[in-house]
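Trainee: Would you mind keeping the following structure in view while I ask a few things?
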Amino acid sequence: MTSFAQAIKDKGFVVTAELDPPRGVDLGPLMALAGRIGAKVDALVVSDNQGANLRQAPWWAAHRLAETIPAEVILTLTCRDRNRLSLGGDILAAAASGVDNLLLVSGDFVSLGDHPQAKPVYDLDSVQALMLANGLAQGHDLNGQELAGAPELCLGAVLAPEARPLAPQLVKLRKKRAAGAGFFITRPLSGPDALKTFLQEAGELGAPIIAGVQAKNPEGVAAAAEMAKAIRAGGLAQGLHLSASGDPETLASLVEACGR
Amino acid sequence: MIVAERKPFAEIAQAVAGYRRVLVVGCGTCVAVCLAGGEKEAGILAAQLDLAGQLAGRQQRFATACVERQCDREFLSELDAAAREHDALLSLACGAGVQFLAERHPTLPVLAGLNTTFIGVNQDVGRWDERCRACTDCLLSLTGGVCPVTMCPKGMVNGPCGGAVEGRCETDPERDCAWTVIHARLSDSDRLANLEVLVPPRDHSRANLPGRQAHAAYLRRYSSHD
Ligand code: SF4
Ligand code: SF4
């Protein structure tokens, strides 16, 4: 299986789409949507308790997608819901099940979701989660203890080009690179200019940027597609990450408008 | 200091409902400063409980006492005689003080009148803010005197999450993002290089267990004799 990083290198420009696992046991609708859009994107990103709202754990959908859809599958794992034992264990299980692309994120705070009473974990921050995953790929855990069989992993992180002040974000960004992030997916952008400004201020990242393009509803698809076009034409990113606030029809039309 | 607040009156009244002679025990240190459990608050609570007891037609008596610190045996011993005259003790100390008092009177019900909230500072008259989670491995020298473990809800130690909006925290637009403040402080004191340090996963092993420490000089002095 070629990893997502290889796909970016080979294709020069990639399109990814975000899928949210169901709030229940039925994976049918997600698989149906993936079937519709799978051939038009290079990778499907499976979210993890998106917005701190309870969902089916993402590894199951990721595994099923990797088995059946030709696109790459990227598994999102938050530090919010897992300590280092659980993160490491989930990464190993994902790799064993055929999912080797990971998006390691801090995760929206619990107070923003549907279980604000939950105790958030954050045993590691996203930089340290990358350190953990990078270590696993090199055959050892955080304490240097050897694994029986190391996973091959392609690691990604989130980028917030519009967060201000930018200087603290750039610190984090450099650390994510140093800790092994091989690609960055941005938060949904307000427009191509936001990315242009960011690139001017941040300079060379040394890793591909996948630009977040979101349509919140069917009416927003045309504007989002415009933005996607401008980003691509302007050479501002090495790919697009399409999302639709969990609405399958909106996502399908956005992929239709911007996909391969 | 330790900050605490009084439990809701109804909860306290219910907890003491079954006891005839109750001693309300204040604590003269942290909880007195934060106006939750000092001598004055103990007196007020006792009077309120007394009134509520009378209205409910209960035969109850509430007396008060206050010691300098309930987390210190030396001061707790002052209460021994009075405690024996009562059916229950209602402690207005922080959680540590309540436990120490309960340890000293294992046959007496010792009840908690406060909710202990945090380690904090006096921000203004009647206002306290949390500042430290007692993580056992202080990062303040690195982070410009701003605690990322406490002041960032996610405890991020390598920089901000992506959720900050105009320098405010994603959890609350009224709060500064801790990392905006850290960055500004380090910039102002010409220490931005501190931020490039990659902080490895933290060692929680000590904080995971009930804390215990001894003073080195104390150990030297006493261990040589046993
Ligand atoms: S880093 Fe923060 S929580 Fe830890 S000891 Fe220092 S102030 Fe307290
Ligand atoms: S916005 Fe800042 S303070 Fe709030 S959780 Fe993120 S990094 Fe922490």
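The values are calculated or read from the model by the stated rules, or taken from the named source; none is laboratory data. Note that this is a predicted model, so its numbers are computed, not measured. FYI the Cβ positions are ideal-geometry reconstructions off the backbone, even for glycines, and counts take in every protein chain you see.
Trainee: If I go through the range B:142-161 residue by residue, how many of them are more than 9 Å from ligand 1 (Cβ to nearest atom) and either among the basic types (Lys, Arg) or not in a loop (DSSP other than H, G, I, E, B) (or both)?
Mentor: 1
Trainee: Return yes when residue A:124 is more than 7 Å from chain B (Cβ to nearest Cβ) and touching a residue at least 24 places away in the same chain (Cβ under 8 Å) and no when it is not.
Mentor: no
Trainee: Continuing with the same structure: Return the residues of the range A:108-119 that are more than 8 Å from chain B (Cβ to nearest Cβ), in a loop (DSSP other than H, G, I, E, B) and crowded, with 17+ Cβ neighbours inside 10 Å; say none if nothing qualifies.
Mentor: Selection gives A:113 alone.
Trainee: Looking only at helices (runs of 4 or more DSSP H) that fall completely inside the range B:45-111, which ones have 2 or more residues that are touching a strand residue (DSSP E or B) at 6+ places or on another chain (Cβ under 9 Å) and under 21 Å from residue B:34 (Cβ atoms)?
Mentor: Filter on the range B:45-111 gives B:73-76, B:95-104.
Trainee: Taking residue B:90 as meeting all but one of (1) more than 16 Å from ligand 2 (Cβ to nearest atom); (2) under 16 Å from the mean Cα position of the chain (by Cα); (3) among the hydrophobic types (A, V, I, L, M, F, W, C), write down the number of the exception.
Mentor: The failed condition is (2).
Trainee: For residue B:173, work out the one condition from (1) in contact with an Asp or Glu (Cβ under 9 Å, 6 or more places away or on another chain); (2) more than 16 Å from ligand 2 (Cβ to nearest atom); (3) farther than 25 Å from residue A:132 by Cβ it doesn't fulfil.
Mentor: With respect to (1) in contact with an Asp or Glu (Cβ under 9 Å, 6 or more places away or on another chain); (2) more than 16 Å from ligand 2 (Cβ to nearest atom); (3) farther than 25 Å from residue A:132 by Cβ, residue B:173 is out only on (2).
Trainee: What are the residues in the range A:138-161 that are at the interface with chain B (Cβ under 10 Å from one of its Cβ atoms) and either touching a Lys or Arg at 6+ places or on another chain (Cβ under 7 Å) or hydrophobic (A, V, I, L, M, F, W, C) (or both), if any?
Mentor: Answer for the range A:138-161, where residues must be at the interface with chain B (Cβ under 10 Å from one of its Cβ atoms) and either touching a Lys or Arg at 6+ places or on another chain (Cβ under 7 Å) or hydrophobic (A, V, I, L, M, F, W, C) (or both): A:142, A:157, A:158, A:159, A:160.
Trainee: OK, next. From B:47, B:56, which residue is modelled with pLDDT under 95 and exposed (fewer than 15 other Cβ atoms within 10 Å of the Cβ)?
Mentor: Selected residue: B:56, the only one of B:47, B:56 that is modelled with pLDDT under 95 and exposed (fewer than 15 other Cβ atoms within 10 Å of the Cβ).
Trainee: Just give me the residues in the range B:130-187 being of a type outside the set (Gly, Ala, Ser), within 12 Å of chain A (Cβ to nearest Cβ), in contact with a Pro (Cβ under 8 Å, 6 or more places away or on another chain) and more than 18 Å from residue A:110 (Cα to Cα), in sequence order.
Mentor: Answer for the range B:130-187, where residues must be of a type outside the set (Gly, Ala, Ser), within 12 Å of chain A (Cβ to nearest Cβ), in contact with a Pro (Cβ under 8 Å, 6 or more places away or on another chain) and more than 18 Å from residue A:110 (Cα to Cα): B:157, B:179, B:180, B:182, B:183.
Trainee: Additional query: Can you tell me which residues in the range B:198-215 are away from ligand 1 (no atom under 14 Å from the Cβ) and hydrophobic (A, V, I, L, M, F, W, C)?
Mentor: Within the range B:198-215, B:198, B:209, B:214 qualify.
Trainee: Quick check: is even one residue across the range A:159-174 of a type in the set (S, T, N, Q) and without any contact (Cβ under 8 Å) to a residue 24 or more places away in the chain?
Mentor: yes
Trainee: For the range B:194-212, enumerate the residues that are surrounded by 13 or more Cβ atoms within 10 Å (Cβ to Cβ), away from chain A (no Cβ under 11 Å) and assigned to a loop (DSSP other than H, G, I, E, B).
Mentor: Within the range B:194-212, no residue meets the criteria.
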